Amino acid sequence: MDNKRRQLIGCSAALAATVSVPGWARDSIHDSIGDKAHANDAPHGAGSAQKAARPQLGTSAAIDGNGRLWVAQTEAVEQAGGGPALANILLAWSADGGKSWTKVGPVLAAPERVEANGEGRPKLAFGPRGQMYLTYTQPLDQPHTGHIRFARSTDGGVSFSAPVTVQRDLAATGHRFDGIVTDRRGRIFVAWIDKRDGDAARKAGRAYRGAALYYAVSGDEGASFGLDVKVADHCCECCRIALALTPNGDVAAMWRHVFAPNVRDHAMAILVPSGRPGALTRISFDDWRIDACPHHGPSLAFDARGRRHQVWFTGGDERGGLYYAVAGPTGRAGKPVRLGGAQAGHGEVLAAGSAVAVVWKEFDGQATKVMLRLSSGNRPAWQERALVTTRGASDHPHLVSDGSAMWLVWRTEDEGVVVHRVEAAA
């Protein structure tokens with residue numbers, strides 16, 4: 001990947017069907033932006049290394065059992081006399097596709113450090129009886145270190161429990177880039193990237209590639225979590241983890257793995273509640289050899305027919321770019337399809353009903369667009385078009401669904417939180 005691509009891939013007027021969060025979201029965004037060109041892609045060493053006035057654009061979205069769209073974002077909290085940057089987490093929900101919003105929070109009784117950059121941000125999930133679960137990474141004093149934190153609400157967001165640390169290992173090392181999902185029985189799965197094994201190996205003089213992937217499960221609505229379970233050694237250090245439910249209700253994880261000697265392709269495994277994860281399966285074969293983390297995690301979804309849809313980024317001078325592939329019931333993916341041009345990145349895929357949608361952001365040198373590739377039951381042939389555009393800094397685009405309809409949620413510096421219903425063009 002050439003230097004221009006490296007610089008622009010992270011640099012990244014709504015159309016008629018688009019709405020944006022007014023007031024509270026836009027104000028908090030403008031209060032928190034530092035360097036406009038790169039506010040969405042801060043270095044992965046958060047914590048005290050960050051400037052106090054620079055919370056990030058990282059925002060997540062989810063839809064609850066009543067069909068309400070929720071967003072979670074951070075708000076900087078000023079400290080008298082300086083000190084490390086603290087933040088709180090704000091929530092808001094909309095029952096009309098983003099036309100109007102109800103603010104909830106702040107979530108934390110006492111502000112603390114909260115990571116909210118490109119690949120890490122607070123995340124939301126919901127239980128079968130309206131329980132609301134929130135995870136985030138709490139940066140520690142040293143760069144690239146943190147703890148996975150969890151809070152819950154059992155009254156629809158009126159109140160939240162005090163946050164707790166999920167992982168049992170409390171060493172001041174990297175526990176970061178959390179992901180959360182609930183299965184059909186209401187169990188909570190939290191996964192993260194963990195550096196404890198790499199630290200131990202290096203202390204003993206042994207070689208170790210990257211970090212490890214761990215998870216923990218709660219079967220009591222978040223009142224407690226089980227033991228830390230290692231899925232695999234040698235995952236990439238700073239790429240988000242994709243979690244998705246399979247058609248039979250299993251939790252699948254997809255991540256950027258470090259295959260020997262240093263190939264940064266992708267793997268998948270099933271996370272089981274018993275603490276014995278399924279075998280690792282390699283699911284991308286780009287042979288990208290780089291001794292660095294690209295801060296560019298994958299996305300994963302399963303449709304009702306059991307097909308696996310995956311989106312990922314790879315580097316390299318010839319094959320570098322964003323790709324999509326679908327795997328049939330046998331698990332073998334078809335030929336990857338390249339998405340967009342040289343500046344395409346940070347894609348997400350989602351399946352709902354008979355539709356499959358892929359979105360990504362693409363910088364054209366002056367503005368960033370969110371592009372859509374959509375296949376629906378009425379129009380199975382893929383359609384591709386731009387959905388929204390911004391000239392300021394922006395977060396990564398996200399797709400959410402209530403089981404039938406899908407929405408794009410995208411936070412930008414200039415427009416606030418943009419919501420756009422994803423549907424076939426007329």
| request: Would you mind telling me the share, in percent, of accessible area of the stretch 43-175 contributed by carbon and sulfur at probe 1.4 angstrom? | output: 51 percent
| query | Which distance in nm do the two modelled labels at Arg185 and Asp96 give, with both placed 7 Å along the Cα-to-Cβ direction? | reply | 4.2 nm
| query | What is the count of Lys pairs in the chain whose alpha carbons sit under 16 Å apart, if the two are 8 or more places apart or on different chains? | reply | 4
| task | Using amide H atoms built 1.01 Å from N in the peptide plane, name the residues 5+ places from Gly297, or on other chains, whose amide H lies under 5 Å from its own. | result | Arg240
| Gap in Å between the Cα centre of the stretch 293-345 and the Cα centre of the stretch 196-231? | 27 Å
| Can you pull out the GluC sites (Glu not before Pro) in the stretch 70-133 that DSSP calls coil and that have at most 15 other Cβ atoms within 10 Å? | Glu78
| remark: With x for Gly and Pro, the residue-by-residue ³J(HN,Hα) of the stretch 389-394, computed from phi through the Karplus equation 6.51 cos²θ - 1.76 cosθ + 1.60 at θ = phi - 60° and given in whole Hz, is 9, 9, 9, x, 5, 8
| field | Total formal charge among the other residues, if their Cβ is under 9 angstrom from that of His296, Lys/Arg +1 and Asp/Glu -1 | value | +1
| Under 5 Å, built H, 5+ apart or other chain: amide partners of Ala355 | Gly377
| said: Could you compute how much accessible surface Asp414 exposes when probed at 1.4 Å, giving the result in Å² to the nearest 10? | reply: 60 Å²
| request: Restrict the search to the stretch 314-366; then list the GluC sites (Glu not before Pro) that DSSP places in a loop and that have at most 11 other Cβ atoms within 10 Å of their Cβ. | output: Glu318
| message | Explain nothing, just compute: Karplus ³J(HN,Hα) = 6.51 cos²θ - 1.76 cosθ + 1.60, θ = phi - 60°, for every residue of the stretch 94-108 in order, whole Hz, x for Gly and Pro. | response | 9, 9, 10, x, x, 6, 9, 9, 10, 7, 10, x, x, 6, 8
| For the chain, what is the accessible area per residue in Å² when the probe is 1.4 Å? | 40 Å²
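The values are calculated or read from the model by the stated rules, or taken from the named source; none is laboratory data. Every value quoted in this text rests on a predicted model; they were computed, and no experiment measured them. Note that we place each Cβ from the backbone using ideal geometry, even for glycine, and neighbour counts take in every protein chain shown. Only protein heavy atoms, including side chains, enter the accessible area calculation; ligands, DNA and RNA are left aside. Shrake-Rupley method; radii C 1.70, N 1.55, O 1.52, S 1.80 Å.
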